[in-house]
Amino acid sequence: QVQLVESGGGLVQPGGSLRLSCTASGSIFRIYRRGWYRQAPGKQRELVAAITSEDNTNYANSVKGRFTISRDNAKNTVYLEMNNLKAEDTAVYYCCADSFYGTYWGQGTQVTVSS
């Protein structure tokens, strides 16, 4: 089992920045990919960004150039740095971990971009 705990969401004005954190615990040695997804009201959950154990990254087109995913292996933590936030970035953001035992999710953290 893998447990994921997210933090860092909140309310921010358009053009502002936030950093989300996701710390993993449990059977983390089999994790090969970490990622962030988001789900806005009435929409499907979508991939925002992901990073593999080889540090390969991929991003949704809508966030390229604005969001950066990174990880600190010593802290078992993945970060999502979000800059130049837009109203359409408003959603619940979920941390995800893919391992050879299955896919695990965090509880979600709300990000609201509004003036």
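Things worth noting here:
- Normalised Debye scattering of the chain at q = 0.10 Å⁻¹ gives log10 I(q)/I(0) of -0.26, counting only Cα atoms as equal scatterers and leaving out solvent.
- Unit charges on C-beta of K, R, D, E only; dipole of segment 50-115, Debye: 140
- Remark: the chain carries a charge dipole of roughly 60 debye about the Cα centre, counting +1 on each Lys and Arg Cβ and -1 on each Asp and Glu Cβ.
- Share, in percent, of DSSP beta bridges within the chain that are antiparallel, nearest 5: 95
- For segment 1-50, the alpha carbon positions stretch 38, 22, 15 Å along the principal axes, listed from largest to smallest.
- The residues of the chain expose, per residue, 53 Å² of accessible area to a 1.4 Å probe.
- Protein accessible area in the chain, 1.4 Å probe - carbon and sulfur %: 46
- Pairs of Cα atoms nearer than 8 Å and 6+ residues apart set the relative contact order; for the chain it is 37 percent.
- The packing ranking of peptides 74-87, 42-55, highest mean first, is 74-87, 42-55, where packing means the average number of other beta carbon atoms within 10 angstrom of each residue.
- Between C22, W36, V12, the Cα set farthest toward the positive side of the dipole of segment 1-67 (charges on each charged residue's Cβ, about the Cα centre) is that of V12.
- Isolated cysteines of the chain, defined as having no other cysteine beta carbon under 4.7 Å away, are C96.
The values are calculated or read from the model by the stated rules, or taken from the named source; none is laboratory data. Here the structure is a predicted model, which means the values were calculated and not measured. Because the Cβ atoms are built from the backbone with ideal geometry, glycine has one as well, and the counts that use them run over all protein chains shown. Accessible surface areas use protein heavy atoms only, side chains included; no ligands, DNA or RNA. Shrake-Rupley method; radii C 1.70, N 1.55, O 1.52, S 1.80 Å.
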